[in-house]
Amino acid sequence: MNYRKLDYFIFYTLLSVSAAMLVYVSLFSKSHYEGSESIYHYFHSAAILDHPDVALNHWGKPLFIALSAPFTYFGVKGVMIFNSLVMLLSTYFSFKLGRRLGFKFAFPLVIFVLFSPVYFKFSQSCLTEPLFGLVAISSAYFFICEKYKLSAILISFIIYSRSEGMLFIPIYGFALILRRQYKTLPFLLTGFLFYSIVGVFIGKGFLWYYFDYPYKAVVEGYGKGPFWNWFTNQELITGTPFSIYITASFFLLIIISLINFKSIFNKSNTVLLTLVTIPAVIYIFGHSYLWYKGLSASIGLFRIVGGVIPLLAIIALYGIDKLARLLSINEKSNYISIAFLLFLCFTMVNFTFRGKKSIILEQPSELEKTVLKSIEWLDKNGYSDRKMYTFQAHYILYYGGDHFDKFNSNVRNGVDNRKHPHDQLDIPDLLIYDSKFSPLEGGLFLKNIDTTYLKSRKIFYPENEFNVYGGGKYFIQIFERVH
């Protein structure tokens, strides 16, 4: 039996089934994972032709905008399909990297990458974490294939998929020095030079990346939280089985590296330690520190870990591969190893989907249900053709507004006059106030709404109430300019 071929066969079988599931979720989901943030990323990708300067938008992530823009032809579902393809490519490169690292059976990486609780949800979103993970894992793969220039060029663009990528570039510089690839070091500047030149042509300047960087200061409204936020909530992020695989493998990797210290400088261990383990650890602990200190607009979101799930999957399989090899004491016992690995995969998938009635993990949240209820009311009561001002992306998407056009769009992204919002509205425009995004993102507070000019027409509360950042319960209140 050719176990290499069997590994490939199981991998492609699992990948095909997973691809069908991801596409199904992308097409038929009625919810956005992370709600408005996902929708706003779609707006950035869709706006590139009408608003070329958006191509260098820090928040939207230039690399994500450029690559996902063609998929916006098919609407928001098109960008969800794009994310599903990115996730599948990440799985493919994880498998190829696992084979190069010498794992006897690398097929579990399909499950490890795609089916952690936090990662599968990206197939119903337009978020940027999957692309970040793809750049990270594919760069590591090309590095181990000794395609050093291609690896350096790829990783140079990672800062344009997520800002945390700036930590990866010096690590790759160190790895190239270890491999004595000194002439390749300048290629780590490729992405920066490319987008800096684009910045000159668009009128933002050569150093726009630093001058426009939006995450420098403490954002008081976002608050701070416990350092171990991503660890104590592992059930909702990686899931308990996967967390156990990662933790056990991580400590095993450290112990083996210390015992056989000289081996860490060979090519495989350079990749495994320097380009997989160290970046993943720095990424997670770096975010933990920022959230603990309340820096860089960190808000403790669980989805952040999604950016390094492919790297964590490689770490997890490292230790499992050692155990599987112990089980493969002879030819026939290889089947025992395969059964063992399939059992671990089943355990992980079962944990992720426990209690779920559908493979669509992210159902409409209480917030989204409330928004949809208000949209239904607007349509039924003849308000749908009114000019609307809102900080909630769902309305802009549903009514076909232009997030970047505050003058010609019928549904406009917020108001500029936060202290006297009625001055910006004409009779009978609508102001849709929600207690989360209006104050937190828009700086518009309920106390600044003068009811002499803006009459409340309807208030919507979630069926199951919940608190928002800054305190208070969530609600949506629709005002109409009457005087």
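The values are calculated or read from the model by the stated rules, or taken from the named source; none is laboratory data. Just so you know, these numbers come straight off a predicted model, no measurement behind them. When we count neighbours, we look across all protein chains shown, and the Cβ atoms used for this are built from the backbone with ideal geometry, even at glycine.
Taking the range 62-80, which residues are aliphatic (A, V, I, L, M), surrounded by fewer than 21 Cβ atoms within 10 Å (Cβ to Cβ) and either free of Cβ contacts under 8 Å to residues at least 40 places away in the same chain or not assigned by TED's automatic domain parsing to the domain that holds Tyr213 (or both)?
Across the range 62-80, the qualifying residues are Ala66, Ala69.
State the number of residues belonging to the range 100-115 that are over 21 Å from Val17 (Cα atoms) and assigned to a helix (DSSP H, G or I).
Residues in the range 100-115 being over 21 Å from Val17 (Cα atoms) and assigned to a helix (DSSP H, G or I): 1 in total.
What is the number of the single condition among (1) under 28 Å from the mean Cα position of the chain (by Cα); (2) without any contact (Cβ under 8 Å) to a residue 40 or more places away in the chain that Tyr335 does not meet?
Exception for Tyr335: condition (1).
Restricting attention to the range 388-430, which residues are farther than 18 Å from Glu441 by Cα, assigned to a loop (DSSP other than H, G, I, E, B) and touching a strand residue (DSSP E or B) at 6+ places or on another chain (Cβ under 6 Å)?
Across the range 388-430, the qualifying residues are Tyr399, Gly401, Leu425, Ile427, Pro428, Asp429.
Of the residues Gly300, Gly307, Gly319, which single one is in a loop (DSSP other than H, G, I, E, B), in contact (Cβ under 8 Å) with a residue 60 or more places away in the chain, assigned by TED's automatic domain parsing to the domain that holds Pro130 and within 23 Å of Phe351 (Cβ to Cβ)?
It is Gly300.
Is it true that Gly471 is buried (at least 16 other Cβ atoms within 10 Å of the Cβ), in a loop (DSSP other than H, G, I, E, B), under 27 Å from the mean Cα position of the chain (by Cα) and free of Cβ contacts under 8 Å to residues at least 60 places away in the same chain?
When the stated conditions are applied, Gly471 does not pass them.
Could you please find all residues in the range 225-265 being touching a residue at least 60 places away in the same chain (Cβ under 8 Å) and either over 24 Å from Pro117 (Cα atoms) or of a type in the set (Val, Ile, Thr) (or both)?
Across the range 225-265, the qualifying residues are Ile237, Thr238, Thr240, Ile246, Leu252, Leu253, Phe265.
What single numbered condition from (1) assigned to a strand (DSSP E or B); (2) in contact with a Leu (Cβ under 9 Å, 6 or more places away or on another chain) fails to hold for Lys455?
So the condition that Lys455 fails would be (2).
If I filter the range 149-167 for residues that are surrounded by fewer than 19 Cβ atoms within 10 Å (Cβ to Cβ) and not in a helix (DSSP H, G or I), do I get at least one hit?
No, that holds for no residue.
Grab the helices (runs of 4 or more DSSP H) fully contained in the range 221-274, keeping just those with 2 or more residues being of a type in the set (A, V, I, L, M, F, W, C) and farther than 30 Å from Glu34 by Cα.
240-259
If you go through the range 33-91 one residue at a time, how many are part of a loop (DSSP other than H, G, I, E, B), among the small types (Gly, Ala, Ser) and touching a helix residue (DSSP H, G or I) at 6+ places or on another chain (Cβ under 7 Å)?
The qualifying residues number 3.
Somewhere in the range 96-104, is a residue crowded, with 24+ Cβ neighbours inside 10 Å and closer than 16 Å to Ala316 by Cα?
So far as the range 96-104 goes, yes, one or more of its residues are crowded, with 24+ Cβ neighbours inside 10 Å and closer than 16 Å to Ala316 by Cα.
List the pairs whose first member sits in the range 441-452 and is within 10 Å of His422 (Cβ to Cβ), whose second member is polar (S, T, N, Q) and outside any loop (DSSP other than H, G, I, E, B), and whose Cβ atoms are under 9 Å apart, counting only residues at least 6 apart or on separate chains?
If the second residue must be polar (S, T, N, Q) and outside any loop (DSSP other than H, G, I, E, B), the pairs left are Ile449/Ser456; Ile449/Gln477.
Given the options Leu341, Leu367, Leu361, name the one that is touching a Pro at 6+ places or on another chain (Cβ under 8 Å) and assigned to a loop (DSSP other than H, G, I, E, B).
Leu361
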